[in-house]
Each structure stands twice: as C-alpha cells, then as structure tokens.
Amino acid sequence: MKFKIGMILNFAYDGNIFQKAIRWRNYLIYGEKGYSHTGIITDVKNDFIEISEALSQGFISSMYEKWWLEARIKDKTIAIGEATSRLIKVKKHAKKYIGNPYGWLDLWNILLVTLFKIKSKTFRFFKGAKYLICSEAVARILYDASNKKINFEKEYKKDYDLIEPMDLYYSNQVRWK
C-alpha cells in the first residue's frame, strides 16, 4: 500500500471500556460496530508512518511500522481514507495541537446527546480545541489543511467537539479505500 500524508485512518478496536462504549453507540446509531478511533498520517518514512492522534495522554504523533498498518488494513481493523479536497501543510496544522489534553468531557457530551436526545450542540464549557478527541482533532486538521473546504460542522450540523470516527467514515468529504 502506498501511504500518503493526509490519509485518514479509522481503527475498529474495542480493547478498553471507552472503545467498547463507542462501538456500542455506533451499533445503536448506524447498525454496525464501526470505528472507535481516528488518526491522520503526518509523515511517511521508508518503514514507518507517523500518525497524529488524540489518545488518553493527549494529542501526540506516533510512529507505526508500515507492515503492521498494512496487516491491520488487510484484516479490516483499520480503514484508510483520503480527503476529497487538496490538503496542504498537514503536519504543520497537526503540530499546533501537539500536547493538547484529551477531551474526556467531549465523550460525556456525546453520551448526553445520545442518551437524552439533546440537540447536537456542544455545551459551552466543553467547546473548543483546547481538549481534543481523536476524530475532532482529525476533522480540525482537515479543515485547516484544506483551506476550510472540508467542513464537518457544516456537513453534520454539529460542533467539531461532537464529530466521531463514524462521521468521518460516512462523510462525503472522504473517500475510503
């Protein structure tokens, strides 16, 4: 597989309680377990791929071995997509979020929206890029790197803080391989 900067990776994992909860929610909403994590490729080396992603320790860049990613794509635990708009300076746009803490309260906000059918808007004290969940971070990077052409808030009529991996997967702004 030829990996390129700006490719989006959706991970179908359910190893911890949060991943299980996300996949349970996906099943309720979409009728499938779907994806529980998202990252974006920010560098490609010979044998390693750098993926920027929001994990429990915050927004970081991680190095993945190319063979490992290819094996996960083959066994369908990772889906790989490309933006429909041209992206520029993906790594630069990702770097501005490095070190931002994980958006644990965003997960609670998504849960509240789901359980209580609350309007899909983020509560004011949760809003913004200071704290990030994985799909929110990728959506914000794509927005910036596409010169504001990729806009998930507009497509889904909900705040970036509420964008989920399945939103990216079903978006008209991303082509999945």
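The calculated FRET efficiency for the pair Phe116 and Glu155, based on their C-beta separation and a Förster distance of 22 Å, comes to about 0.40. Put simply, the amide H of Gly128, placed in the peptide plane, has neighbours under 5 Å in Asp161, leaving out anything fewer than 5 places away on its chain. The length gained on full extension between Leu28 and Trp68, counted as 0.36 nm times the residue separation minus their Cα-Cα distance, comes to 11.4 nm. Magnitude of the charge dipole for segment 8-176, about its Cα centre and with charges confined to Cβ atoms of Lys, Arg (+1) and Asp, Glu (-1), is about 580 debye. Computed from Cα atoms, the angle from the helix 104-116 axis to the main principal axis of the chain rounds to 50 degrees. Couplings 3J(HN,Hα) for segment 20-27, derived from phi with the Karplus relation 6.51 cos²θ - 1.76 cosθ + 1.60 (θ = phi - 60°), are 4, 5, 5, 5, 5, 4, 4, 5 Hz, where x marks Gly and Pro. Each peptide in 67-78, 128-139, 84-95 receives the mean, over its residues, of other Cβ atoms within 10 Å, and ordering these scores from highest gives 128-139, 84-95, 67-78.
Does anyone have the angle between helix 134-145 and the longest principal axis of the chain? Alpha-carbon axes, 0 to 90°, nearest 10? So the inclination is approximately 60 degrees. Each listed q (0.13, 0.20, 0.26 Å⁻¹) maps to a log10 I(q)/I(0) for segment 39-102, found by the Debye formula over equal Cα scatterers with no solvent: -0.39, -0.90, -1.20. Under the simplified labelling scheme, the Glu82-Val44 pair shows an inter-label distance of 0.9 nm, with each label point 7 Å from Cα along Cα→Cβ. Between the amide H of Ile133 and those of Gly103, distances stay under 5 Å, these residues lying 5 or more places away or on another chain, with hydrogens modeled in the peptide plane. Each of Trp68, Pro101, Ile88 was scored by the projection of its Cα onto the charge dipole of segment 59-115, and the greatest displacement toward the positive side belongs to Ile88; charges sit on the C-beta of Lys, Arg, Asp and Glu. In terms of overall dimensions, the chain has a Cα radius of gyration and Dmax of 15.1, 48 angstrom.
Report the local net charge at Gly15: Lys and Arg +1, Asp and Glu -1, summed over other residues whose C-beta lies under 14 Å from its C-beta.
Working: positive: Lys20, Arg23, Lys33, Arg72; negative: Asp14.
So the environment of Gly15 carries a net charge of +3.
Taking a ≥ b ≥ c as the square roots of the eigenvalues of the Cα gyration tensor, an a/c ratio below 1.5 marks segment 130-177 as rounded.
Only the coordinates and a few stated rules stand behind these numbers; no lab work does. A quick note: this is a predicted structure, and the numbers were derived from the prediction, not measured. Methodologically, a virtual Cβ is constructed for each residue, glycine included, from the backbone with ideal geometry; neighbour enumeration extends over all protein chains shown.
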